[in-house]
Amino acid sequence: MSSESSVVLGLRANWQQFSLLVLINAFVGGMVGLQGTILPLVGAQEFKIASTTAILSFIISFGVIKAFANLVSGHFADVYGRKHMLVLGWLIGLPVPFMIAWGPSWGWIVAANALLGINQGFAWSMTVIMKVDLVGPKSRGLAVGLNEFAGYLSVGLTALLAGYIAQRYGLRPQPFYLGIAYAVLGLSLSALVVRDTRRHVEREIAHHHAAGEELGFWEVFGRASFKDRNLFATSQAGLVNNLNFGMSWGIFPLFFSSFGLAVERIGILNSVYPGVWGVLQTVTGPLSDRWGRKGLIASGMWVQGSGLFLIGTTQTFGWWLVGSVLLGLGTAMVYPTLIAAVSDASHPSWRARSLSVYRFWRDLGYAVGALSAGMMADVLGMSSAIKMVAALSFASGAIVALLMGERS
């Protein structure tokens, strides 16, 4: 059946494809979860890299490439279809775990993370966009919450499992066998079982209350970056949110290990942040549909800042654990709500491109966070770097509170 009338929007009507996309995004998230606990330690211990900034080069390559992959993914999805971009993302990600597990130099690790950035920019973007396509306008917060729940719970669980494996068998190659399994399963399901969702978009456009403007790529880029107050507020908050994650990804393992913490316990801390974040998004996403977006975003940035400040000012596992929980809680309040807010402010005819621009700015935060935190850590120390990023989170929440309006 190919007619528009055969397409029904909503989670219940599309639960099979929706559930499949949730599973696939768990594999997408797992590819990232392998990196956080292990790679900074590989750089410091195996390749003997002394500079924190140099160690964090793998995050910088990942963040920059992922940001630009996000930027073009929405345009290509509109032109070539969502499914094609999802499959392409997995094809590009397939070599990544092999390169990291057996790469003979740090350059291989950096190159692998550049490929991982493309994989994440295409594959994760498509799972978000396709779920929003399937459910329609009434349940965007729920759709995004479930998508990000799967992705970041997998990040957390994989970080925990990778730390456990590394403690017992070594930093390489054994933990990265998980990545091989994720890539093979993700590619197979995407190519063989997933169906494209462009007809769902066509149905939503046909029933939308406002006619869509004919906007070019750069017009959407300008509107989503700075011309629209709501979209500017979401873009800057997204950038700072992932700046926090990029900083924690690279700095936290080195910071915790400087106090003598074993890699397995570092894995626990690195799993709590995305684990709490992932699970609570199933609550915060639907809540944003009822309560509105602005309050959750602003207060979530402030909760993140509190967690970072606590981690940066303490020296014990217990307080670091509390700080990691706060980080996860604050991010859960922000993450699905931001994507839903961008969807609210965008017409369905250019929503995929608007989401891609938002995700460009958001994931540029990985690189900005890694670079700035690495430089601050080399000059001022890791504790000061963490506290300065905490201050930036408080400022970002204030911008949201001042500029952002609620959806009508």
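For the reader, a short list of remarks on this structure follows.
- The set of residues in the stretch 258-315 being within 17 Å of Ser248 (Cα to Cα) and among the basic types (Lys, Arg) consists of Arg265 alone.
- The residue that is nearest to Ala50 (Cα to Cα), counting only those in the stretch 281-294 that are surrounded by fewer than 24 Cβ atoms within 10 Å (Cβ to Cβ) and not β-branched (Val, Ile, Thr), is Lys294.
- Residues within the stretch 30-66 that are closer than 18 Å to Arg172 by Cβ and among the small types (Gly, Ala, Ser), tallied: 6
Yes/no matrix, rows are residues, columns are (1) at pLDDT 85 or above; (2) in contact with a Ser or Thr (Cβ under 7 Å, 6 or more places away or on another chain); (3) under 13 Å from Trp249 (Cβ atoms):
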position: Met1; (1), (2), (3): no, no, no
position: Gln16; (1), (2), (3): yes, no, no
position: Leu20; (1), (2), (3): yes, no, no
position: Ile24; (1), (2), (3): yes, yes, no
position: Gly30; (1), (2), (3): yes, yes, no
position: Gly36; (1), (2), (3): no, no, yes
position: Gly74; (1), (2), (3): no, yes, no
position: Gly81; (1), (2), (3): yes, no, no
position: His84; (1), (2), (3): yes, no, no
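- Against the conditions (1) closer than 27 Å to Ala143 by Cβ; (2) free of Cβ contacts under 8 Å to residues at least 12 places away in the same chain, Gly107 satisfies every one except (1).
- Looking across the stretch 168-190, the residues that are within 16 Å of Gly33 (Cβ to Cβ) and either touching a Lys or Arg at 6+ places or on another chain (Cβ under 6 Å) or part of a helix (DSSP H, G or I) (or both) come down to Gln174, Pro175, Phe176, Tyr177, Leu178, Gly179, Ile180, Ala181, Tyr182, Ala183, Leu185, Gly186.
- Scanning the stretch 86-98 for residues that are surrounded by fewer than 18 Cβ atoms within 10 Å (Cβ to Cβ) and either farther than 23 Å from Phe76 by Cβ or without any contact (Cβ under 8 Å) to a residue 12 or more places away in the chain (or both) gives a single hit, Phe98.
- Subset of the stretch 366-408 that is in contact with a Gly (Cβ under 6 Å, 6 or more places away or on another chain) and not hydroxyl-bearing (Ser, Thr, Tyr) - its residue that is nearest to Phe62 (Cα to Cα): Ala367
- Candidate set from the stretch 365-381 (those that are hydrophobic (A, V, I, L, M, F, W, C) and buried (at least 23 other Cβ atoms within 10 Å of the Cβ)); member that is modelled with the highest pLDDT: Ala377
- Residue in the stretch 138-149 that is closer than 19 Å to Ala67 by Cα, without any contact (Cβ under 8 Å) to a residue 60 or more places away in the chain and not hydroxyl-bearing (Ser, Thr, Tyr) present: no
- Counted residues, the stretch 357-382 - those being over 14 Å from Gln236 (Cα atoms) and assigned to a helix (DSSP H, G or I): 13
- Of the candidates Ile49, Ile59, the single residue that is at pLDDT below 85 and outside any helix (DSSP H, G or I) is Ile49.
- Only one of the listed residues (Phe18, Phe27) is part of a helix (DSSP H, G or I) and buried (at least 24 other Cβ atoms within 10 Å of the Cβ). That residue is Phe27.
- Scope the stretch 99-112; condition farther than 18 Å from Leu187 by Cα and either surrounded by 15 or more Cβ atoms within 10 Å (Cβ to Cβ) or of a type outside the set (Gly, Ala, Ser) (or both); matching residues: Ile100, Ala101, Trp102, Gly103, Pro104, Trp106, Trp108, Ile109, Val110, Ala111
Let's see how each residue does on (1) of a type in the set (Ser, Thr, Tyr); (2) farther than 21 Å from Arg359 by Cα:
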site	(1), (2)
Ala224	no, no
Asn230	no, no
Gly238	no, no
Gly250	no, no
Phe255	no, yes
Val263	no, yes
Thr282	yes, no
Pro286	no, no
Arg293	no, no
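- Ile49 being β-branched (Val, Ile, Thr) and buried (at least 20 other Cβ atoms within 10 Å of the Cβ): no
- Residue match in the stretch 383-393 (condition: part of a helix (DSSP H, G or I), surrounded by fewer than 24 Cβ atoms within 10 Å (Cβ to Cβ), of a type in the set (Lys, Arg) and over 19 Å from the mean Cα position of the chain (by Cα)): yes
- Where a residue in the stretch 280-292 is farther than 13 Å from Gly328 by Cβ and its partner, wherever it lies, is surrounded by fewer than 20 Cβ atoms within 10 Å (Cβ to Cβ), with Cβ under 8 Å and at least six apart: Asp289/Lys138; Gly292/Glu406; Gly292/Arg407
The values are calculated or read from the model by the stated rules, or taken from the named source; none is laboratory data. It should be emphasised that the depicted structure is a prediction, and the values quoted were computed from it without experimental measurement. With ideal geometry, Cβ positions are generated from the backbone for all residues, glycine too; neighbour counts draw on all protein chains shown.
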